[in-house]
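The structure appears right after this line, and notes come after that.
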Amino acid sequence: MNASIRRPRLIIAITGASGAVYGIRLLEQLRASGACETHLILSASGALTASQELTMKRSEIEALADVVHNVKDIGAIIASGSFRTQGMVIAPCSMNTLGNIAHGLADNLVSRAADVILKERRRLVLLARETPLNLAHLRNMVSVTEMGGIIFPPVPAFYTHPSTLNDIVNHTVGRVLDLFDLPHAGLVKRWDGITKVYSGS
């Protein structure tokens, strides 16, 4: 890491797919741990979804980030490869955003920043939220994967025996933070192997 960087920087984008809680929980966790400097891009659709799903205002979400960027500001610092970051998480990632990234359509700051992350060979993680998937979605996921991105659908881990929605969300957020080697306070209940032996069919 460059000595001029006091803390690692992580870009977090929240787009209009269902699941705004993932991006918000990620911001909350990083704010609490102080592990990195967060740069937030919140699209208009993302803000609308967060309002519907969590009754949160844009200002409340933006207050969780260290730096907030306007989705229309293509000239923002995170649009340049010379601005050093650990990478970027899009949580949730809409299929529209996925398609733009897959085809190099850097027409707003979310897709432009993602394009920069890919060209600089940094880590890009997309919490893609859609079901069922059509062929365009699948091909776009393959394209992003071939470019070095990570497709990370927020699929529950039932081996952890989650008892609340928070358990499910926290496990996913912890696994995302693992990909960046960032600390988290026990969000992930790790698999420790099969502890019981079952007999019979």
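The values are calculated or read from the model by the stated rules, or taken from the named source; none is laboratory data. Quantities reported herein were computed from a predicted structural model and do not represent experimental measurements. All Cβ positions, even for glycine, are placed from backbone atoms using ideal geometry, and neighbour counts span all protein chains on display.
Here are the numbers for this structure:
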item: Filter result for residue 17 (outside any strand (DSSP E or B), at pLDDT 95 or above, under 22 Å from residue 96 (Cα atoms) and not aromatic (Phe, Trp, Tyr)); result: yes
item: Residue within the range 111-118 that is over 14 Å from the mean Cα position of the chain (by Cα) and within 28 Å of residue 188 (Cα to Cα) present; result: yes
item: Residue 172 at pLDDT 95 or above, under 23 Å from residue 41 (Cβ atoms) and of a type in the set (Ser, Thr, Tyr); result: yes
item: Residue ID - surrounded by the most Cβ atoms within 10 Å (Cβ to Cβ), chosen from residues in the range 80-122 that are assigned to a strand (DSSP E or B) and either without any contact (Cβ under 8 Å) to a residue 60 or more places away in the chain or not β-branched (Val, Ile, Thr) (or both); result: 93
item: Residue 64 of a type outside the set (Val, Ile, Thr), in a strand (DSSP E or B) and more than 20 Å from residue 104 (Cα to Cα); result: no
item: Residue within the range 70-89 that is in contact with a Ser or Thr (Cβ under 7 Å, 6 or more places away or on another chain) and closer than 27 Å to residue 167 by Cβ present; result: no
item: Any hit, the range 154-166, residues being of a type outside the set (Asp, Glu) and either buried (at least 19 other Cβ atoms within 10 Å of the Cβ) or touching a Ser or Thr at 6+ places or on another chain (Cβ under 6 Å) (or both); result: yes
item: Residue in the range 36-48 that is over 15 Å from the mean Cα position of the chain (by Cα) and not in a helix (DSSP H, G or I) present; result: no
item: Sole exception among (1) within 21 Å of residue 129 (Cβ to Cβ); (2) β-branched (Val, Ile, Thr); (3) surrounded by fewer than 17 Cβ atoms within 10 Å (Cβ to Cβ); (4) under 18 Å from the mean Cα position of the chain (by Cα) for residue 67, by number; result: (1)
